[in-house]
Amino acid sequence: MSGERNVLGGELELCGTDPMTGWTREGCCTTGPDDVGSHTVCAVVTEAFLAQQKAVGNDLTRAQPGFPGLVPGDRWCVTALNWARAHRDGAAAHVVLAATNESVLQVVPLSALQEHAVDVPRRAPVPRQGASRRARAGRQRSPG
């Protein structure tokens, strides 16, 4: 897809398109000289991860222009340092190894990523009309 490699040594796979992720918003955790944060970890975010990120000043749940805000279960390219900090704090998000850029290995050991590895099938594309993604997220949460 991009010519970049994943942490398993294969071609870097798509991370997520709903919402569209990646430093370049192409769906992959590609990186380059302008990506000073190194958005290289394909994370499947959890409530614990989102709460931890908010606590350290990186509120990924708040919608902003061009960014819908994340809900648990979303796939998102997160920075290597933020994922590592969440891992240290016991709140690491799940990781899709085939979609995680090999450059993260300069910051995070493969063994740490493997501890949180998941095989998450890509969701079927859903039209981004209204709150369709939010409605799906609401169904994922069980009351009480």
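The values are calculated or read from the model by the stated rules, or taken from the named source; none is laboratory data. The shown structure was predicted, so the numbers you read here are calculated from the model rather than taken from an experiment. Quick reminder, even Gly has a Cβ in these numbers, built from the backbone with ideal geometry, and neighbours come from all protein chains shown.
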| said: Every residue in region 84-99 that is of a type outside the set (A, V, I, L, M) and closer than 15 Å to Val7 by Cα, please. | reply: His94
| query | Within region 112-133, can one find any residue that is assigned to a loop (DSSP other than H, G, I, E, B), over 20 Å from Thr17 (Cα atoms) and modelled with pLDDT of 50 or more? | reply | yes
| task | Check region 67-79 and report whether any residue there is over 18 Å from Trp23 (Cα atoms), of a type in the set (Gly, Ala, Ser) and in a loop (DSSP other than H, G, I, E, B). | result | yes
| request: Provide a single number: the residues in region 1-36 that are closer than 16 Å to Glu102 by Cβ, part of a loop (DSSP other than H, G, I, E, B) and basic (Lys, Arg). | output: 0
| Given the conditions (1) surrounded by fewer than 16 Cβ atoms within 10 Å (Cβ to Cβ); (2) in contact with a Leu (Cβ under 6 Å, 6 or more places away or on another chain), which single one is not true for Asp34? | (2)
| field | Pairs where the first residue, in region 113-124, is on the phi < 0 side of the Ramachandran plot and the second is charged (D, E, K, R) and modelled with pLDDT of 50 or more, C-beta under 9 Å, 6+ apart | value | Val120/Arg75; Arg122/Arg75; Arg123/Asp18; Arg123/Arg75
| query | Which one of these is in contact with a Cys (Cβ under 9 Å, 6 or more places away or on another chain) and free of Cβ contacts under 8 Å to residues at least 40 places away in the same chain: Val96, Val36, Val78? | reply | Val78
| note | Only unsatisfied item for Arg62, checking (1) part of a loop (DSSP other than H, G, I, E, B); (2) under 16 Å from Ala91 (Cα atoms), is (2)
| Quick one: is Cys42 closer than 19 Å to Ala98 by Cα, assigned to a loop (DSSP other than H, G, I, E, B) and in contact (Cβ under 8 Å) with a residue 24 or more places away in the chain? | no
